[in-house]
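Each remark here refers to the structure printed beneath this line.
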Amino acid sequence: MKFDAMTVGNHEFDDGEDALAPFLDVIQFPVLSANVKASAAAKVGDRIKPSVVLEVGGQKIGIVGAVTTDTPEIASPGPNITIEDDVRTITAEVEKLKAEGVNKIIALTHVGYPRDKEAIARIPGVDVVVGGHTHSLLSNTDPKAEGPYPTMIDNPDGYKVPVTQAASYSKYLGEFKVVFDDDGVVKEADGDPIYLDKSIEPDAQVLARIKELGAPIEELKAQKVGETTEAVDGSRENCRARECAMGNLVSDAVLERVKGQGVGIVITNGGGLRASIGQGQVTMGDVLTVLPFQNTVATFQLSGKDLKEALENGVSQLEEGAGRFAQVAGLKYAFDKSAPPQSRVKSVEVMENGGWVPLDPDKDYLVAANNYTRQGGDGYKVFAEKAKNAYDYGPGLEQTVADYLGTHSPYTPKLEGRITEVAAAQPAEAAAPAAPAPAEPAKPAEPTPAQPAPAETAPTAPAPAEPAPAQPAEAAPAQPAQPAAAEPAQTTHVVAGGDTYWDLAAKAYGDGTKWRTIAEANPGYRPRRLPIGATLTIPAAQ
Ligand SMILES: [Zn+2]
């Protein structure tokens, strides 16, 4: 297939000019963007043109390109490339082409379907818009389509402009026929995207090339990205039920990547974490085993109320071990799994100015997740429906985590009380365990969350013989979700190869015969088959 022109998208600038310039050097067709301005020092030189004029059937067809104006925030064009306003630069280029006698003009954009409809198709002189960026499937037959293919927009000059887009990743080929009248105005426009399924025979040469290019991918997987001091637990039983070390690693990596954009909260679906990472050297292949889905970092704005709804979704299917369980960064929450779904979240706090404050339902927060949940995956309908200014095509999740491991190597996994399970039948006001309990030892009778509730208010809570009521300050904020019977000095241990309860008891209590204490605190694990990477609760010495 022959290409007449392409435009650059934001991802062309992901790795700066060093990655883009060699690509521009080898391709044989025009690359267009009216709003990309390269300085004299730029490596891309003048390779990116504002427009091109093609001769088709004796007629001149003008094509003008443009890229999304937030490219500097979501990619890395570098100091020698400036991204100017799309509408202004397209308008100027259209005026220039019209002055040259070109009256059929296609805007070839990478600004997204909403902006194509609201702004680009309304530029006087633009006749057709071929877009990208929002990965929008437009179709006349697919019920999941965002709009018809083409979507007709009224131009203020009194004519209609067809807008097209054919999803993403060459999954579809947009086929589109347009008939112009003698004045260069669109008379007819119709088409549909063609789904490139198995019925399309792949090109043998391309297949061979893919195989050849696969070899360096194997090399990539062998690349060392960092080291860990301990195994990082990404086990299914933990990541879908309670705070897990892998959930914290992935969420922290995303947070670090986007905090420069003002994002302070990250939600990661536990089901997206597919493996643990062992202690020692970590390869890109290890990271890809944890995160095999090629998901991207997604950023958006969400109200506190909707954020709480998202957390309710996370704990709504605990019984099924559903992947929706929310691992978090920049946020703490507590839940009571005995409550009915959609009313299990008992407290939510967010980090503000270095301190934890309650979530404000009316406030808008900047949040990051992955593109899968942002688009409603794992039950996160609230993200799909309520997110504002969503951008789903940030860096790959696996690269984000690999980079983070690299800059924090050797990495030590951590559990720090971001997610707390509160026991059933506790008084409602006790359901704020994420905040360190105020140091008020003068009020020992008031139950703090990690303490056993008084028997008369919580008959179902296990009542240890010595409730130790006067230990308020260390009220277990740094512990994973455990029932209230756990005492403050409880710790956790991530299982490494060869670990036994006996050895762990010897280490924790100085007495291997006390191994049953650990076994009883970790129901569901078989003593001789401790899963590597699992997080065990180590109760305090009695
Ligand atoms: Zn894009």
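A short reminder: the numbers here are calculations on the coordinates, not readings from a lab. Computed from a predicted structure; not experimentally measured. Positions of Cβ are generated from backbone atoms using ideal geometry, with glycine treated the same way; all protein chains shown enter the neighbour counts.
Which whole-number value in Å³ per residue fits the convex hull of the alpha carbons of the stretch 1-160? Present the calculation step by step, with values, prior to reporting the outcome.
Values: hull volume 21.3 nm³, N = 160.
Given the Cα convex hull of the stretch 1-160, per-residue volume reads 133 Å³.
Hull surface divided by four, with the convex hull built on the Cα atoms of the stretch 102-201: how many nm²? Spell out each step's value before the answer.
Details: hull surface 27.0 nm².
Dividing the Cα hull surface by four gives the mean projection, 6.8 nm².
Take the alpha-carbon centre of the stretch 386-400, take the same for the stretch 72-122, and report the distance between them in whole Å.
A separation of 24 Å, based on Cα centres.
Restricting everything to alpha-carbon atoms, can you work out Rg to Rh for the chain with a Kirkwood hydrodynamic radius?
Working: Rg = 28.3 Å, Rh = 26.5 Å.
Using Cα coordinates only, the ratio equals 1.07.
Distance cut-off 32 Å, Cα to Cα: go down the list 43/144; 43/221; 337/363 and report the pairs above it. Don't skip to the answer; put the middle values down first.
On the way: 43/144 41 Å; 43/221 30 Å; 337/363 27 Å.
With Cα atoms farther than 32 Å apart: 43/144.
Which whole-Hz ³J(HN,Hα) couplings does the stretch 193-205 yield from phi under the Karplus relation 6.51 cos²θ - 1.76 cosθ + 1.60, θ = phi - 60°, glycine and proline marked x?
Computed from phi, the couplings for the stretch 193-205 are x, 9, 6, 8, 8, 4, 5, 8, 6, x, 6, 4, 5 Hz.
How large is ³J(HN,Hα), in whole Hz, for each residue of the stretch 167-175 in order, when computed from phi with the Karplus curve 6.51 cos²θ - 1.76 cosθ + 1.60 and θ = phi - 60°, using x for Gly and Pro?
Calculated HN-Hα couplings, in order: 6, 8, 6, 6, 6, 10, 10, x, 10 Hz.
Could you run the Karplus curve 6.51 cos²θ - 1.76 cosθ + 1.60 with θ = phi - 60° over the stretch 289-297 and give me ³J(HN,Hα) per residue in whole Hz, x for Gly and Pro?
Running phi through 6.51 cos²θ - 1.76 cosθ + 1.60 with θ = phi - 60° gives 6, 6, 10, x, 8, 6, 6, 10, 6 Hz.
Just need the relative contact order of the stretch 126-204 here, percent rounded to a whole number, with Cα pairs under 8 Å and 6+ apart. Each step should come with its number before you reach the end.
Working: 150 pairs, mean separation 22.1, N = 79.
Relative contact order comes out at 28 percent.
Hey, if you put +1 on the Cβ of every Lys and Arg and -1 on every Asp and Glu Cβ in the chain, which of 16, 50, 264 ends up farthest toward the positive end of that dipole?
Highest projection toward the positive end goes to 264.
Over all directions, average the projected area of the Cα convex hull of the stretch 163-254 and note it in nm². It would help to have the intermediate numbers written out before the result.
On the way: hull surface 50.3 nm².
Directional mean of the projected Cα hull area for the stretch 163-254 stands at 12.6 nm².
Could you check how many percent of all C-alpha pairs in the stretch 219-407 are farther apart than 29 Å? It would help to have the intermediate numbers written out before the result.
Values: 3046 of 17766 pairs.
The proportion of pairs with Cα distances above 29 Å equals 17 percent.
Add -39500 (n - 2.57) for each DSSP H run of 4 or more in the chain, then divide by its residues: what number comes out at 222 nm, to the nearest 500 deg cm²/dmol?
-6500 deg cm²/dmol
Go through 263-272, 349-358, 408-417 and give me the packing order, highest mean Cβ count within 10 Å leading.
Numbers: 263-272: 24.2, 349-358: 12.8, 408-417: 16.9.
Answer by packing, highest mean first, reads 263-272, 408-417, 349-358.
Relative contact order for the stretch 6-195 using alpha-carbon pairs under 8 Å, separation at least 6, rounded to a whole percent?
On the way: 448 pairs, mean separation 30.4, N = 190.
Taking the mean separation of contacting Cα pairs over the length of the stretch 6-195, I get 16 percent.
Which value results for Rg/Rh of the stretch 253-330 when Rg is the Cα radius of gyration and Rh the Kirkwood radius based on the inverse mean 1/r?
For the stretch 253-330, the value is 1.00.
Taking the Cα centre of the chain as origin and charging only Cβ (+1 Lys, Arg; -1 Asp, Glu), how large is the dipole, in debye to the nearest 20? Don't skip to the end; give the middle numbers.
Values: 50 positive and 74 negative charges, 177 e Å.
I would put it at about 840 debye.
Taking a ≥ b ≥ c as the square roots of the Cα gyration tensor eigenvalues, with a/c under 1.5 meaning rounded and otherwise prolate when a/b beats b/c, else oblate, which class fits the stretch 300-391? If you can, show how the numbers build up before the last one.
Values: a/c = 1.81, a/b = 1.12, b/c = 1.62.
Oblate shape, in that a/c is at least 1.5 and b/c is the bigger or equal ratio.
Hey, how much of the P(r) for the stretch 200-264 falls beyond 19 Å, as a percent of Cα pairs?
Details: 1309 of 2080 pairs.
Result for the distance tail: 63 percent.
Assign unit charges at the C-beta atoms only (+1 for Lys and Arg, -1 for Asp and Glu), then state the dipole size of the stretch 320-377 relative to its Cα centre in Debye, rounded to the nearest 20. Numbers along the way, then the final one.
Details: 7 positive and 7 negative charges, 50 e Å.
That gives the stretch 320-377 a dipole magnitude of about 240 debye.
Nothing charged except the Cβ atoms of Lys and Arg (+1) and of Asp and Glu (-1): what's the magnitude of the dipole of the stretch 7-157 about its Cα centre? Round to the nearest 20 debye.
Numbers: 13 positive and 23 negative charges, 80 e Å.
My answer is approximately 380 debye.
Determine the relative contact order of the chain: mean sequence separation of Cα pairs under 8 Å and six or more apart, normalised by residue count, in whole percent.
Details: 1218 pairs, mean separation 52.7, N = 542.
The value is 10 percent.
State the Cα centre-to-centre distance between the stretch 240-292 and the stretch 160-178 in whole Å.
Their Cα centres are 35 Å away from one another.
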